[in-house]
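*Asks:* Below: one structure in structure tokens.
The values are calculated or read from the model by the stated rules, or taken from the named source; none is laboratory data. For clarity, every value in this text was computed on a predicted model and none was experimentally measured. Counting neighbours? That spans all protein chains shown, and the Cβs are built from the backbone with ideal geometry, glycine included. Protein only, heavy atoms only, side chains kept; ligands, DNA and RNA dropped before computing areas. Shrake-Rupley method; radii C 1.70, N 1.55, O 1.52, S 1.80 Å.
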Amino acid sequence: MSPNPNSYIHGTGSVPLLGDTIGQNLDRAIAAYPEREALVDVAAGTRWTYAEFGSAVDQLARGLLGTGVAKGDRVGIWAVNCADWVLVQYATARIGAIMVNINPAYRAHELAYVLKQAGISVLFASQSHKTSDYRALVGQVRPDCPALRAVHFIDDCSWDVLLDAAQAVTDEQLAAREAELSCDDPVNIQYTSGTTGFPKGATLSHHNILNNGYFVGEMVGYTEQDRICLPVPFYHCFGMVMGNLAATSHGACIVVPAPSFDPAATLRAVQEERCTSLYGVPTMFIAELGLPDFPAYDLSSLRTGIMAGSPCPVEVMKRVVAEMHMAEVSICYGMTETSPVSTQTRRDDDLERRTGTVGRVMPHVEIKVVDPATGVTLPRGEAGELCTRGYSVMLGYWDEPQKTADVIDAGRWMHTGDLAVVREDGYVQIVGRIKDMIIRGGENVYPREIEEFLYSHPKISDVQVVGLPDARYGEEILACVIPRDAGDPPTLDELTAYCRDQLAHYKIPRRLEIMDAFPMTVSGKVRKVELRERYQD
């Protein structure tokens with residue numbers, strides 16, 4: 001019998017929480033590992049030791065001070081992955097500014113909303129990437145954003161203003177600003193990708209994200225010997241917290257393979273930089289494994305990595321462990337509002353726990369599963385809404401107290417909106433989103449269960465299951481499939497026959513759509529809401 005039969009679990013730990021600001025923590029790494037590499041931007045050819053990285057961060061921090069950036073000012077970053085993105089992250093933290101991450105996929109309307117809602121006064125931006133002309137888009141919205149007083153384009157002479165201003169600010173003045181900062185100060189705003197209405201700005205403190213990055217790194221055993229390949233976007237917690245902050249809090253090296261995800265560039269970076277860790281959402285790993293020349297890459301330096309963002313198919317995990325040498329790969333679960341990670345698998349977990357669960361609660365974090373209707377804590381083994389509490393819960397949504405109160409209750413529990421089960425052994429299974437759950441003929445159907453089963457079909461490379469409105473049953477089940485061979489996709493009859501003896505009749509998809517790719521967010525999550533909208537009658 002478990003010591004606690006209900007689903008409440010408090011994650012204990014022998015390692016205490018860090019009480020540093022991000023700047024103080026970076027100083028520790030610089031002092032301990034000045035000559036070790038801190039950051040490699042493969043595409044740009046940039047390579048910095050910790051001492052060099054620290055000097056570049058300080059120069060940018062002094063430049064921001066010299067141009068009048070005050071503690072608490074919002075500084076936006078609207079850019080693809082690059083070395084300068086990381087500089088902005090640490091320089092703003094060093095002076096107490098609040099960095100606002102802006103999704104590089106945003107267009108003019110969305111950009112203007114974030115600039116105004118957060119009150120951004122200084123913006124850093126890429127000049128262009130693929131089909132996006134960031135300079136033109138900034139010019140389009142700037143007249144309607146009166147708070148925006150300065151724009152600095154990356155790799156542009158507009159940075160000269162900052163470098164000139166840095167010369168007028170002494171190290172003592174920078175240290176004086178840092179002395180004013182508390183680890184509980186807000187340091188970052190990340191806009192969650194809302195499916196209805198405008199996104200909300202999750203406001204995170206030094207304490208929130210530094211500790212989360214640190215403990216994610218602890219769980220995979222990072223040291224100064226590690227080199228972490230980050231093809232995931234920095235604008236998202238996956239890149240800037242689980243990646244950058246996990247690296248610098250352990251003296252490890254950040255490796256940026258490309259400005260945006262490119263499977264071949266990612267594997268080349270792992271090979272050439274001898275990376276020990278690789279991050280990605282499942283679709284990224286699927287793309288890497290699917291490269292025609294995948295066997296030609298030398299990935300033997302890898303030992304670990306993190307897969308997160310969406311559920312990991314069992315077959316994909318098996319290949320990642322066996323063919324990518326990532327024997328200690330970790331699964332993380334979380335959300336932007338919780339900095340982000342609440343549960344994580346451990347280095348010695350078996351394949352079943354890595355593929356069938358999202359791990360155990362993190363140190364210093366609490367979780368529970370509650371009845372969504374009553375809020376009562378449920379027994380282990382029963383599905384309900386996952387809630388989490390602790391150092392990682394955001395300060396709130398920026399300037400939106402009512403929306404904050406909608407998700408953080410009086411006990412400071414963050415209601416995730418995810419349906420979960422806490423097993424007897426304390427491991428957590430995510431069975432779906434409350435809003436994604438399909439109710440067909442009165443039966444609750446969890447898409448994840450059907451997706452896991454269909455991944456084993458020999459003709460299916462990737463699959464997403466959604467519910468569509470149905471006059472008779474309330475909802476009907478649609479399987480959206482990317483075939484292994486575009487010339488030989490599965491038919492609905494084949495799918496039905498495959499499911500008939502393995503799934504209850506009400507779980508068998510009644511509709512099938514063959515697709516080349518799924519609609520995705522920039523952070524790598526499939527936009528199921530778009531699939532529902534696209535295929536409903």
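*Asks:* Tell me the strands (runs of 3 or more DSSP E) entirely within the stretch 349-458 that contain at least 1 residues that are surrounded by fewer than 20 Cβ atoms within 10 Å (Cβ to Cβ) and small (G, A, S). Give the derivation first.
*Replies:* Values: elements: 365-370, 384-390, 414-422, 428-433, 438-440, 443-445.
Because the criterion is at least 1 residues that are surrounded by fewer than 20 Cβ atoms within 10 Å (Cβ to Cβ) and small (G, A, S), the strands (runs of 3 or more DSSP E) in the stretch 349-458 that meet it are 414-422.
*Asks:* Among what's in the stretch 243-259 and is among the aliphatic types (A, V, I, L, M) and touching a Gly at 6+ places or on another chain (Cβ under 6 Å), pick the residue that is farthest from M394 (Cα to Cα).
*Replies:* Taking the stretch 243-259 first, the residues among the aliphatic types (A, V, I, L, M) are 245-247, 252, 254-256, 258.
Filter again for touching a Gly at 6+ places or on another chain (Cβ under 6 Å), leaving 245-246.
Numbers: L245: 17, A246: 18 Å.
Once the filter is applied, the top-ranked residue is A246.
*Asks:* I'm trying to understand the selection: among the residues of the stretch 1-37, which are at pLDDT 95 or above, open to solvent by less than 30 Å² (accessible area, probe 1.4 Å) and of a type in the set (S, T, N, Q)?
*Replies:* Selection gives S7, T21, N25.
*Asks:* So which residues in the stretch 487-527 are in a loop (DSSP other than H, G, I, E, B), surrounded by 15 or more Cβ atoms within 10 Å (Cβ to Cβ) and hydrophobic (A, V, I, L, M, F, W, C), if there are any at all?
*Replies:* Answer for the stretch 487-527, where residues must be in a loop (DSSP other than H, G, I, E, B), surrounded by 15 or more Cβ atoms within 10 Å (Cβ to Cβ) and hydrophobic (A, V, I, L, M, F, W, C): L503, I508, M515, F518, V522.
*Asks:* G474 versus (1) at pLDDT 90 or above; (2) open to solvent by 30 Å² or more (accessible area, probe 1.4 Å): which is the lone unmet condition?
*Replies:* Going through (1) at pLDDT 90 or above; (2) open to solvent by 30 Å² or more (accessible area, probe 1.4 Å) one by one, G474 breaks only (1).
*Asks:* Okay, moving on. For residues that are assigned to a loop (DSSP other than H, G, I, E, B) and on the phi < 0 side of the Ramachandran plot, scanning just the stretch 42-73, find the one that is least open to solvent (accessible area, probe 1.4 Å).
*Replies:* Taking the stretch 42-73 first, the residues assigned to a loop (DSSP other than H, G, I, E, B) are 42-45, 67-73.
When the remaining residues are screened for being on the phi < 0 side of the Ramachandran plot, the result is 42-44, 67, 69-71, 73.
Details: V42: 53, A43: 71, A44: 70, T67: 42, V69: 2, A70: 40, K71: 91, D73: 40 Å².
Top of the filtered list is V69.
*Asks:* Now for a separate question. Do you know which of the residues in the stretch 15-33 that are in contact (Cβ under 8 Å) with a residue 12 or more places away in the chain, in a loop (DSSP other than H, G, I, E, B) and closer than 18 Å to M219 by Cβ is farthest from the chain's Cα centre (by Cα)?
*Replies:* Going through the stretch 15-33, the residues in contact (Cβ under 8 Å) with a residue 12 or more places away in the chain turn out to be 15, 17-27, 29-30, 32-33.
Restricting the remaining residues to those that are in a loop (DSSP other than H, G, I, E, B) gives 15, 17-21, 33.
Checking the rest, the ones that are also closer than 18 Å to M219 by Cβ come to 15, 17-18.
Working: V15: 24, L17: 21, L18: 21 Å.
Of everything passing the filter in the stretch 15-33, V15 is farthest from the chain's Cα centre (by Cα).
*Asks:* Regarding M284, is this residue surrounded by 24 or more Cβ atoms within 10 Å (Cβ to Cβ), under 14 Å from the mean Cα position of the chain (by Cα) and either in a helix (DSSP H, G or I) or at pLDDT 95 or above (or both)?
*Replies:* Details: surrounded by 24 or more Cβ atoms within 10 Å (Cβ to Cβ): no; under 14 Å from the mean Cα position of the chain (by Cα): yes; either in a helix (DSSP H, G or I) or at pLDDT 95 or above (or both): yes.
Spelling it out, it is not the case that M284 is surrounded by 24 or more Cβ atoms within 10 Å (Cβ to Cβ), under 14 Å from the mean Cα position of the chain (by Cα) and either in a helix (DSSP H, G or I) or at pLDDT 95 or above (or both).
*Asks:* Sticking with this structure for a sec: Scan S301, S310 and give me the residue that is within 29 Å of S205 (Cα to Cα) and open to solvent by 20 Å² or more (accessible area, probe 1.4 Å).
*Replies:* When all the criteria are applied, what remains is S310.
*Asks:* What do you reckon, is T248 more than 17 Å from V187 (Cβ to Cβ), hydroxyl-bearing (S, T, Y) and surrounded by 24 or more Cβ atoms within 10 Å (Cβ to Cβ)?
*Replies:* No, not satisfied.
*Asks:* Here's something else I'd like to know. Considering each residue of the stretch 261-278, count those that are of a type outside the set (D, E) and out of contact with any strand residue (DSSP E or B) (no Cβ under 7 Å at 6 or more places or on another chain), and give that number.
*Replies:* Keep residues of the stretch 261-278 that are of a type outside the set (D, E), which gives 261, 263-271, 274-278.
Narrowing further to those that are out of contact with any strand residue (DSSP E or B) (no Cβ under 7 Å at 6 or more places or on another chain): 261, 263-265, 267-268, 271.
Final tally of qualifying residues: 7.
*Asks:* Let me ask you something else. Criterion first (in contact with a Cys (Cβ under 6 Å, 6 or more places away or on another chain), basic (K, R) and open to solvent by 10 Å² or more (accessible area, probe 1.4 Å)) does R227 satisfy it?
*Replies:* On the way: in contact with a Cys (Cβ under 6 Å, 6 or more places away or on another chain): yes; basic (K, R): yes; open to solvent by 10 Å² or more (accessible area, probe 1.4 Å): yes.
Yes: the conditions hold for R227.
Condition check ((1) within 19 Å of the chain's Cα centre (by Cα); (2) within 22 Å of D20 (Cβ to Cβ)) across all residues:
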| residue | (1), (2) |
| --- | --- |
| A56 | no, yes |
| A61 | no, yes |
| L65 | no, yes |
| A83 | yes, no |
| V88 | yes, yes |
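*Asks:* Right, another one. Pick from Y113, Y106: which is open to solvent by 10 Å² or more (accessible area, probe 1.4 Å) and outside any helix (DSSP H, G or I)? Walk me through how you get there before you give the answer.
*Replies:* Working: Y113 fails: outside any helix (DSSP H, G or I).
After ruling out the rest, the residue left standing is Y106.
*Asks:* Within the stretch 131-182, can you find the residues that are of a type in the set (S, T, Y) and over 30 Å from A43 (Cα atoms)? Give the derivation first.
*Replies:* Taking the stretch 131-182 as the starting set, the residues that turn out to be of a type in the set (S, T, Y) are 131-132, 134, 158, 170, 182.
Within the stretch 131-182, T170, S182 qualify.
*Asks:* I'd like to verify a number: residues in the stretch 74-86 that are under 19 Å from G239 (Cβ atoms) and either assigned to a loop (DSSP other than H, G, I, E, B) or open to solvent by 10 Å² or more (accessible area, probe 1.4 Å) (or both), how many?
*Replies:* At the first step, the residues of the stretch 74-86 found to be under 19 Å from G239 (Cβ atoms) are 75-86.
Restricting the remaining residues to those that are either assigned to a loop (DSSP other than H, G, I, E, B) or open to solvent by 10 Å² or more (accessible area, probe 1.4 Å) (or both) gives 79-82, 84.
The total comes to 5.
*Asks:* Same structure, new question: Quick one: would you say G243 is open to solvent by 10 Å² or more (accessible area, probe 1.4 Å) and of a type in the set (G, A, S)? If you could, list the steps in order and put the result at the bottom.
*Replies:* Numbers: open to solvent by 10 Å² or more (accessible area, probe 1.4 Å): no; of a type in the set (G, A, S): yes.
Against the criterion (open to solvent by 10 Å² or more (accessible area, probe 1.4 Å) and of a type in the set (G, A, S)), G243 does not qualify.
*Asks:* Tell me, please, whether a residue that is charged (D, E, K, R), out of contact with any Ser or Thr (no Cβ under 6 Å at 6 or more places or on another chain), touching a residue at least 40 places away in the same chain (Cβ under 8 Å) and assigned to a helix (DSSP H, G or I) can be found in the stretch 90-99.
*Replies:* Taking the stretch 90-99 and keeping what is charged (D, E, K, R), we get 94.
If we keep only those that are out of contact with any Ser or Thr (no Cβ under 6 Å at 6 or more places or on another chain) too, we end up with 94.
Now narrow it down to the ones that are touching a residue at least 40 places away in the same chain (Cβ under 8 Å): 94.
Restricting the remaining residues to those that are assigned to a helix (DSSP H, G or I) gives 94.
Yes - at least one qualifying residue is present in the stretch 90-99.
*Asks:* Mind counting the residues in the stretch 327-344 that are without any contact (Cβ under 8 Å) to a residue 60 or more places away in the chain and assigned to a loop (DSSP other than H, G, I, E, B)?
*Replies:* Selection size over the stretch 327-344: 2.
*Asks:* Here is a list of conditions, (1) within 16 Å of W85 (Cβ to Cβ); (2) surrounded by fewer than 19 Cβ atoms within 10 Å (Cβ to Cβ); (3) not polar (S, T, N, Q), and R142 meets all of them except one; can you say which number that is?
*Replies:* Status for R142: all satisfied but (1).
*Asks:* Okay, moving on. So which pairs qualify, if the first residue must be in the stretch 428-447 and within 20 Å of C387 (Cβ to Cβ), the second must be polar (S, T, N, Q) and open to solvent by less than 30 Å² (accessible area, probe 1.4 Å), the Cβ gap must be under 7 Å, and the two must be at least 6 apart or on different chains?
*Replies:* Close Cβ pairs (under 7 Å, with a partner that is polar (S, T, N, Q) and open to solvent by less than 30 Å² (accessible area, probe 1.4 Å)) amount to V428/T343; V428/T357; Q429/T357.
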